[in-house]
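Chemist: Here it is, the structure, as structure tokens.
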Ligand code: ADP
């Protein structure tokens, strides 16, 4: 206990102050200093200074009462103990005093110096324990708060790590999938290449050895025929190689749209010209440009490839003496290419797989091909931001329509 215990009595009756002081003086050791506040307001301002170790508060305080004073002081954060002085002793007053925050209560006129000393001592000790508990509680709350924050941070880190892991997992899965596809593509490539190369190569070989046999001038026609066969076989081989090359470059993401401004009509006419040497006997390509506007801003390389692929399919999959109808036009914000043939058509059941690499319909087994051309066409059209549609009827013919957005440089 401190050397001098300062006590404040809050009581509007001076006689009570004098009585209390006398009682206090009789406490053995006389270790107490008693101050007096005669009104509610005076008491509040003195209490706020927190100079006292304990407050004795009378129940009756003019317009206010002691409980009000205790409640207000406790709410303002005063931690020193309050002892309520009442006129009577009953359980209700006791409970009210406790609820307001008082440590104890004494019945006026009944307590002696020992009772007072004991009550003050207990109250101070009790208040001290309470303050200690409160301090511990606050510390505990702070620790809980800190720990909660740490946990939240840990959870966040875990979630982040989890997300990164998931992403990595997805990427690994994708890479694996790609690897698998590539592997499949490679093995199909080897199968197709060995199969598709054999025919043109044996043509080249047989025609070349026949040419050496034709020595006289009369054999000119035959020689020319075999030169033609060799040319066509080499052209075939070049096409197959070009398809493989395009697919592998697409797989590597090396195909880009590099547009330039050019005249679509004469460009298409040139491609049609190039195709002449490779058409079947009596076949012709009927090309028309159907709009006034002729200038486009497109990737020439991609366009050439698309046109050649569609036109050679048109030729390959229709008979001798047939016509392949080819039109281009520019209307509004769309460029349109249509290639139509009156050939063998595509069986209904095969249509769903038409754009799968290496897929070939059932009715083309006798015709050379890799099953890559349409795949390349579709990808190229997509790279240029366009769309591809087709209609086909078995033994009637096929129409491919490509629509590309019209843009300018
Ligand atoms: P390829 O012609 O080398 O077989 P494509 O990818 O160009 O490969 O075509 C895939 C398949 O689509 C062909 O094998 C053929 O069955 C079908 N096809 C494409 N174009 C036509 C067409 N104009 N007429 C009939 N069938 C076609």
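Chemist: Given N residues in the range 260-405, what is its alpha carbon radius of gyration divided by 2.2 N^0.38 Å? Walk me through the intermediate numbers first.
Modeler: Details: Rg = 14.7 Å, N = 146, 2.2 N^0.38 = 14.6 Å.
This ratio for the range 260-405 stands at 1.00.
Chemist: Same structure, new question: For a protection proxy built on the mean count of beta-carbon atoms within 10 angstrom, sort 165-173, 347-355, 43-51 highest first, please. Present the calculation step by step, with values, prior to reporting the outcome.
Modeler: Working: 165-173: 10.0, 347-355: 12.8, 43-51: 15.0.
Going by the mean number of other Cβ atoms within 10 Å, highest first, we get 43-51, 347-355, 165-173.
Chemist: Which ordering of 402, 383 is given by a fewest-first count of other beta-carbon atoms within 10 Å?
Modeler: Values: 402 24, 383 14.
Fewest-to-most ranking of 402, 383: 383, 402.
Chemist: Moving on to the next point. Would you please put 86-96, 317-327 in order of how densely packed they are, using the mean number of other Cβ atoms within 10 angstrom per residue and starting with the highest? Kindly include the intermediate steps, with their values, before the conclusion.
Modeler: On the way: 86-96: 12.7, 317-327: 17.6.
My ranking of the peptides, most packed first, is 317-327, 86-96.
Chemist: Also: The range 35-80 to the range 331-405: how many Å between their Cα centroids?
Modeler: Rounded to whole Å, the Cα centres lie 97 Å apart.
Chemist: Same structure, new question: Would you please classify the overall shape of the range 234-320 from the alpha carbon gyration tensor, given that a ≥ b ≥ c denote the square roots of the eigenvalues, rounded means a/c under 1.5, and beyond that prolate means a/b larger than b/c while oblate covers the rest? Each step should come with its number before you reach the end.
Modeler: Values: a/c = 2.60, a/b = 1.04, b/c = 2.50.
Oblate is the answer for the range 234-320, as a/c is 1.5 or above yet b/c matches or exceeds a/b.
Chemist: So, one more: I'd like the orientation of helix 40-49 relative to the chain: the angle between its Cα long axis and the longest Cα principal axis, in ° from 0 to 90, rounded to 10.
Modeler: 60 degrees
Chemist: As a test of the formula, what do you get for the chain when each DSSP H run with n ≥ 4 contributes -39,500 (n - 2.57) and the sum is divided by the residue count, at 222 nm and rounded to the nearest 500 deg cm²/dmol? Provide the component values of the computation, followed by the final result.
Modeler: Working: 9 runs with 215 residues, N = 409.
Mean residue ellipticity at 222 nm (helix-derived): -18500 deg cm²/dmol.
Chemist: Shifting gears a bit: If a/c stays under 1.5 just call it rounded; otherwise compare a/b with b/c (prolate if a/b is bigger, oblate if not). Do that for the range 5-111, with a ≥ b ≥ c from the square roots of the Cα gyration tensor eigenvalues.
Modeler: Working: a/c = 1.42, a/b = 1.14, b/c = 1.25.
The shape class here is rounded.
Chemist: Residue separation times 0.36 nm, minus the C-alpha to C-alpha distance between residue 140 and residue 180: what's the value?
Modeler: Here the segment from residue 140 to residue 180 would lengthen by 8.6 nm.
Chemist: What's the angle, to the nearest 10 degrees (0 to 90), between helix 264-275's Cα axis and the longest principal axis of the chain?
Modeler: 50 degrees
Chemist: Here's another thing I want to ask about it. With each label point set 7 Å from Cα along the Cα-Cβ vector, what nm distance links residue 112 and residue 222?
Modeler: Placing both labels 7 Å beyond Cα along the Cβ direction yields 15.4 nm.
Chemist: Can you give me the angle between helix 373-383 and the longest principal axis of the chain, using Cα atoms only, in degrees from 0 to 90, rounded to the nearest 10?
Modeler: Once rounded, one gets 50 degrees.
Chemist: Please give the peptides 252-261, 372-381, 123-132 ranked by average Cβ packing (other Cβ atoms within 10 Å per residue), highest first, as a rough proxy for protection.
Modeler: Values: 252-261: 11.5, 372-381: 21.7, 123-132: 14.3.
The most tightly packed comes first, giving 372-381, 123-132, 252-261.
Chemist: Does the chain come out rounded, prolate or oblate, given a ≥ b ≥ c as the square roots of the eigenvalues of its C-alpha gyration tensor, rounded meaning a/c under 1.5 and, failing that, prolate meaning a/b above b/c? Display every interim value, and only then the final one.
Modeler: Working: a/c = 6.73, a/b = 4.71, b/c = 1.43.
It comes out prolate by the Cα gyration axes.
Chemist: Obtain the nm distance between the two label points defined at residue 284 and residue 166 by a simple spin-label model: each point lies 7 Å from its Cα along the Cα-to-C-beta direction.
Modeler: Distance between label points: 6.4 nm.
Chemist: Mind checking the full-extension length gain between residue 88 and residue 6? Use 0.36 nm per residue of separation minus the Cα-Cα distance, one decimal, nm.
Modeler: That works out to 26.9 nm of additional length.
Laboratory data are not the source of any read-out in this text; all were calculated from the coordinates shown. None of the values given here were measured: they were computed from a predicted structure. No Cβ is skipped: glycine too gets one built from the backbone with ideal geometry, and neighbour counts run over all protein chains shown.
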